[in-house]
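Trainee: The structure follows.
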Ligand SMILES: CC(C)(COP(=O)(O)OP(=O)(O)OC[C@H]1O[C@@H](n2cnc3c(N)ncnc32)[C@H](O)[C@@H]1OP(=O)(O)O)[C@@H](O)C(=O)NCCC(=O)NCCS
């Protein structure tokens, strides 16, 4: 099957979640994420409320170009916007040393934290990424102090080599948000982790 013919971000439903592309109706949800200081604790820049429509436009254009851009997570029962989780192709002014790469990232409204939602969504996208899109490797990175996010990476079986920790380009080295931990998951490591755990990574019907 040709990659170009695949929907790289299909709508997927689990018992409690809907994973899907960004839509213009997600403006309020993105606004909530952008303006919540708890959510932004480890982000270098909190986007101003005025920037949210532009940011949504960027997400929509990027998902059109790459096929995905950190897809949305929605509460299946209520339709409420919970945040995002999934793949992205990073595009920074100063490339990171491991680019080009497929990044996996997540961000939830605080009410959705602590329920395993990021891990559930990420596991589904990993299966899709490695088994359908035939990715060779997925990376994830965060500020070293972001233990919640690092725990998600560890639960996904991603591997951290401290020798690959890096200073984010353009950030002062004395800035507490400069130092980042990089986690990688190769196709081989993914399948090994799958065999070693009882994780149910069945992609439910959309
Ligand atoms: C990171 C985030 C998506 C995690 O979402 P989540 O699905 O609610 O994850 P959980 O709260 O279930 O936590 C995942 C794990 O981290 C652990 N954890 C939570 N807080 C922790 C802390 N302060 N220190 C260490 N581990 C912590 C949890 O115990 C859980 O592990 P367990 O299941 O083994 O108990 C969510 O916290 C978030 O959106 N944060 C703000 C945005 C962000 O930082 N995104 C990442 C940018 S790279």
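The values are calculated or read from the model by the stated rules, or taken from the named source; none is laboratory data. Note that the coordinates shown come from a computational prediction; the quantities given were computed from them, not determined experimentally. Glycine gets a Cβ as well: all are built from the backbone with ideal geometry, and neighbour counts include every protein chain shown.
Trainee: Need the failing condition index for residue 123 against (1) in contact (Cβ under 8 Å) with a residue 40 or more places away in the chain; (2) touching a helix residue (DSSP H, G or I) at 6+ places or on another chain (Cβ under 8 Å); (3) under 17 Å from residue 190 (Cα atoms), just the number.
Mentor: Result: residue 123 fails condition (2) only.
Trainee: Please work out which one of (1) within 9 Å of the ligand (Cβ to nearest atom); (2) within 13 Å of the chain's Cα centre (by Cα) is the condition residue 154 fails and give its number.
Mentor: (2)
Trainee: Filter the stretch 103-120 for residues that are more than 8 Å from the ligand (Cβ to nearest atom) and closer than 13 Å to residue 87 by Cβ and give the result.
Mentor: 103, 104
Trainee: Answer yes or no: is there a residue in the stretch 81-88 that is closer than 28 Å to residue 166 by Cα, away from the ligand (no atom under 16 Å from the Cβ) and touching a residue at least 40 places away in the same chain (Cβ under 8 Å).
Mentor: Taking every residue of the stretch 81-88 in turn, none turns out to be closer than 28 Å to residue 166 by Cα, away from the ligand (no atom under 16 Å from the Cβ) and touching a residue at least 40 places away in the same chain (Cβ under 8 Å).
Trainee: Scan (1) in contact with a helix residue (DSSP H, G or I) (Cβ under 9 Å, 6 or more places away or on another chain); (2) modelled with pLDDT of 95 or more for the single condition residue 150 breaks and write down its number.
Mentor: All conditions are met except number (1).
Trainee: Out of the residues in the stretch 29-46 that are out of contact with any helix residue (DSSP H, G or I) (no Cβ under 9 Å at 6 or more places or on another chain) and part of a helix (DSSP H, G or I), state the one that is farthest from the ligand (Cβ to nearest atom).
Mentor: 29
Trainee: Conditions: (1) away from the ligand (no atom under 15 Å from the Cβ); (2) farther than 23 Å from residue 14 by Cα; (3) at pLDDT 95 or above. Residue 95 meets all but one. Number of the miss?
Mentor: (3)
Trainee: Suppose we keep only residues that are in contact with a helix residue (DSSP H, G or I) (Cβ under 9 Å, 6 or more places away or on another chain) and under 11 Å from residue 21 (Cα atoms) within the stretch 47-66. Which one would you say is farthest from the ligand (Cβ to nearest atom)?
Mentor: Only one residue tops the list, namely 60.
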